[in-house]
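The values are calculated or read from the model by the stated rules, or taken from the named source; none is laboratory data. What you are looking at is a predicted structure, and each value in this text was computed from that prediction instead of being measured. Positions of Cβ are backbone-derived with ideal geometry, glycine not excepted, and every protein chain shown enters the neighbour counts. For accessibility, only protein heavy atoms count, side chains too; no ligands or nucleic acids. Shrake-Rupley method; radii C 1.70, N 1.55, O 1.52, S 1.80 Å.
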Amino acid sequence: MSDASSEPGAGHKGTSVGHRNRGQETEEATEGLPADGSVQQGEVAERFLERNQVIERGPDAEPVEMFNQSSSSRFILLSLSSGPYLDVFGFLAFLAMYLITLIANIILIIVVRINPKLQTPMYFFLTNLSIIDICFSTTVVPKILQNTLSKDRSISLLECAVQMHFHLALGSTECFILAVMAYDRFAAICKPLHYNTIMSKKMCFCMAAASWTSSFINSIIHVIYTFQMPFCRSHHVNHFFCEIPPFLQISCSDTWLHEVATYISAGIIASLSFFLTLISYIHIVSTILKISSTDGRYKALSTCASHIIVVTVYYGTIMLLYLRPRSRSSPDIDKSISILYSAVTPMLNPIIYSVRNKDVKRTIRNKLFK
């Protein structure tokens with residue numbers, strides 16, 4: 001005889017235990033819900049399925065972390081390092097870079113304002129660049145400093161959206177301003193007799209306003225699109241601050257269309273600005289080679305040297321970060337590049353322009369530190 005026949009009530013007993021356990025799970029799933037039947041059946045089923053998922057994984061398994069906008073409105077950012085000594089070193093390094101960025105750019109703005117000789121289109125755009133660098137660094141670095149020393153590295157959805165918006169908008173504006181500055185050098189070297197007409201105050205203001213406006217409109221469209229995606233994989237962002245690429249990685253929806261839109265936008269802004277700059281310098285070099293005297297060539301080229309260095313560093317980092325396919329991207333490399341153009345470049349720009357500029361150095365010595 002089989003074991004089932006030797007225990008005739010075993011099958012029924014197992015069935016009754018199963019029904020009793022199911023009933024207990026259903027009661028626990030409906031626990032806390034209103035008793036008047038106003039809750040829809042789908043909510044009960046949802047709780048029941050959630051409990052079953054935990055039961056099927058086993059009592060020792062860790063629960064799967066699910067995240068979306070309705071369950072939480074905060075994201076967790078990375079710290080600079082995991083060791084306390086490295087945290088202190090990173091904090092001091094970023095604090096020093098941030099202070100240098102603020103002081104150097106503010107001094108450059110003041111120098112341009114107090115020296116009548118510097119009231120030219122080139123220095124007007126250089127002032128715009130300094131304002132961008134101050135805001136660009138302020139958007140990112142203070143939060144990095146806070147997260148380096150604080151145990152709570154969370155950031156609200158609104159704060160993250162604002163940071164992403166200004167970071168993207170200011171980065172795009174800098175691309176356009178650098179292209180406009182290259183056009184200014186083209187007009188000064190290749191069209192010197194028509195320079196005042198080409199780079200009039202009205203034209204300078206219109207080009208600056210177009211750069212700022214178009215960049216902020218483009219940015220807000222991408223930010224709204226980004227935060228409409230559901231984030232159900234994790235609320236831990238693999239980055240030091242809020243930027244679009246890391247959020248594509250934690251989204252549980254199909255991000256292909258968003259990636260294409262990001263690449264097209266970045267391609268239009270960065271590549272178009274870069275090619276406009278490149279075309280300007282092709283004409284500049286062609287004109288410089290026609291100058292007979294060596295001193296004349298050196299003087300013309302020296303007025304562009306600082307801008308060439310800044311353009312090379314900035315456009316290079318932008319293209320490395322945004323114009324690579326996602327399959328070839330490395331999170332660690334992306335974070336390093338982002339830090340380079342978000343914290344280091346704004347610090348270097350005023351130094352590069354000041355060190356090679358005799359008028360700026362003379363004004364600093366005579367007016368500010370006399």
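May I ask you to verify whether Ile177 is among the β-branched types (Val, Ile, Thr), over 30 Å from Arg74 (Cβ atoms) and open to solvent by 30 Å² or more (accessible area, probe 1.4 Å)?
no
Which residue is farthest from Tyr183 (Cα to Cα), if the candidates are limited to the stretch 127-144 and must be open to solvent by 10 Å² or more (accessible area, probe 1.4 Å) and more than 16 Å from the chain's Cα centre (by Cα)?
Restricting to residues being open to solvent by 10 Å² or more (accessible area, probe 1.4 Å) and more than 16 Å from the chain's Cα centre (by Cα), the top hit is Ile131.
Considering only the stretch 236-258, how many residues are assigned to a helix (DSSP H, G or I), open to solvent by 30 Å² or more (accessible area, probe 1.4 Å) and within 20 Å of Leu320 (Cβ to Cβ)?
2
Within the stretch 297-307, can you find the residues that are in contact with a Leu (Cβ under 9 Å, 6 or more places away or on another chain) and either under 18 Å from Leu276 (Cβ atoms) or not in a helix (DSSP H, G or I) (or both)?
Within the stretch 297-307, His307 is the sole residue that qualifies.
Identify all residues within the stretch 260-283 that are closer than 16 Å to Ser211 by Cα and surrounded by 14 or more Cβ atoms within 10 Å (Cβ to Cβ); write none if there are none.
Within the stretch 260-283, Ser265, Ala266, Ile269, Ala270, Ser271, Ser273, Phe274, Leu276, Thr277 qualify.
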